Each structure stands twice: as structure tokens, then as C-alpha cells.
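Every number here is computed from the coordinates shown, using simple stated rules; none is lab data. Every value quoted in this text rests on a predicted model; they were computed, and no experiment measured them. Every residue, glycine among them, receives a Cβ derived from its backbone with ideal geometry; neighbour counts consider all protein chains shown.
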Amino acid sequence: MMKKINNNNYGCTRKEELECNYSVIHKLPTGDSPYVRAKYAQLVEKDAEAAIVLFWKAINAGDRVDSALKDMAVVMKQHNRTEEAIEAIKSFRDRCSKQAQESLDNVLIDLYKKCGKLDEQIELLKQKLQMIYQGEAFNGKPTKTARSHGRKFQVTIKQETSRILGNLGWAYMQQSNYAAAEIVYRKSQQIDPDANKACNLCTCLLKQARYSEARSVLESVLQGKISGSDDPRSKSRVEELLKELEPFGSVGCTSLSPKLNLEDAFLDGLDQLINQYAPFRSRRLPIFEEISPCRDQLAC
């Protein structure tokens, strides 16, 4: 077998042969540009500092800027240089293509989350929802190709909307704005329900002393009606929430805060948009036109 490999790489040095093998194993791009060397430093040599320096060189040289900026920010995040990564994306995203902007937004959201910049995270999540409302997400297509752990898969507008709403609900919870988080989680559950968001919704209701509603939300998980109900982590969390609810019996307030009616109307239009979404067509429902002048007054 070794002889066969040597014949196929006739004329190559041992170093070149190893680099070729590493490229296959780690799915590295080929060549000797700054970006290629940065990926080699990141994935093969595990040298984060060298990788960041080379990513900077790639960006300044115009070498695969879309990938270089995103990959550099990810490496910075992994090595607790979050603020630097945020500034890098803000300063250099104008050099990236239009197609790369959504991906950069996703990286920014993760960076804001890690360093506790909740207001910035919420604002960016609302901007991404607005893009969906206006038919601008996924470059006007109904699905996009995503990648996770080297595996490619298709993501629909509904799935993306539910994911963004879940992140928005989490951010509101970190601000102890449980009423706003409740509304967001309810909308997310209407679109693409899962056990994790159901538990978060239950927590929001519990914090508002609406105990009977909280129990009702947990019932859907206990009965296995929604995705993720069988996950051991979900079961454990349900048990913890039930213990928290035990002292309160079935009493609890069921009224909603009136200041959130506008936010509720804003999210009510979401279902209509999803049901009527058409690819390659930008559309804006009247409900969003009505709400837009008041966006700065929305509960947050």
C-alpha cells in the first residue's frame, strides 16, 4: 500500500506528501496563499496566534476575505478574544460579499452572547427577523444550505425563524424580561415546537407567578407531543421545573402585561408571513408597516 502511495506522489517531497494528506484529512484548501496557511496553522498545527496573524494577512491581501474574517473571529472567540473579534467583523465586513453577511451576523450574535452584550444581541436578532419579514433572508430563497460538524443540511425559513426567536427569547430571559420572553417563545413554539423552548416558556410563566399555565406547558413535554421530549436533559429539566411548581398548587395570575400588546401584534404577523412566503418575491405585510414607526418603543 505504501509503495502505491509513493508512486502516486512521484516527485513530491515528504513534507509535500504530508501536507497533501493533511489537506484531505482536514479538508484544507489547496495552495500557498495566506488563507491556506492560516487554515493549516488553525487545524493542523493548532497554533491559534499564528492562524490569526495569517488570517489578518489574508484579509488585507483580499484572499478569500469572506472565509478569512469569519474563521478568524471564530478562532478569536475560542481563545477569549471576543471583543477583538466583534471589532474585526464590524470594521471589515464591508469587504465581504453580500452572501457572507448573514453568516457574519450569526457569528456576531454568538460573540455578543458570549460577552454578555444583550442589547446588541437583541437588536441584531430583531434585524434578522425583519429580513425574514421583508423576504430578504436566504437571498430570497425558501431554504439555505447550512453546515455543522462537517455535515451539510437544508434549513427552511420556518426553522430559521424559530431558531432566531428562541435566541431572542433567551436574551430577554437574561434581562429578566420574562413577559417579552414568553411572547417570543410562544411564537417560536407555534412555528417549530421543541422541548427545550417549552421548558424556557415554562420558566417565563413561573417567574410571572402563572403556575397553572406553566404546568400546562410542561404537559406537552411529559406526554411526548413535541420534538426532544425523550431527550434525557429535557426530562431532567422538566422534573426540576415540576419541583419548583409543587409549593404553588394550581393558583396563579393569568393576565398579560398590556405594554406588550404591540410586540404581540408584531409577532402575530409572523405566522401569516411564513404561510404566505414565496421564493424570489419580496413582500411586506401591512402589520409590519403599522408597527415599524413604533419599533423603538417595543418591549425589550
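Quick look at the numbers
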item: Ordering of 201-209, 105-113 by burial proxy (mean other Cβ atoms within 10 Å per residue, highest first); result: 201-209, 105-113
item: Linear extension gain, Q130 paired with K98, 0.36 nm per residue minus alpha-carbon span; result: 9.8 nm
item: Exceeding the 31 Å Cα-Cα cut-off - candidates K70/K141; K39/K126; K39/K187; K207/K235; K57/K197; result: K39/K126; K39/K187; K57/K197
item: Protection proxy ranking of 82-89, 116-123 - average other beta-carbon atoms within 10 Å, highest first; result: 82-89, 116-123
item: Estimated translational D of the stretch 44-192 in µm²/s (Stokes, Kirkwood radius over Cα pairs; 10 °C; 1.306 mPa s); result: 96
item: Spacing of the two label points (7 Å from each Cα toward its C-beta) at E83 and T145, in nm; result: 3.9
item: Cα-derived Rg over Rh, computed across the stretch 20-114 with Rh taken as Kirkwood radius; result: 0.96
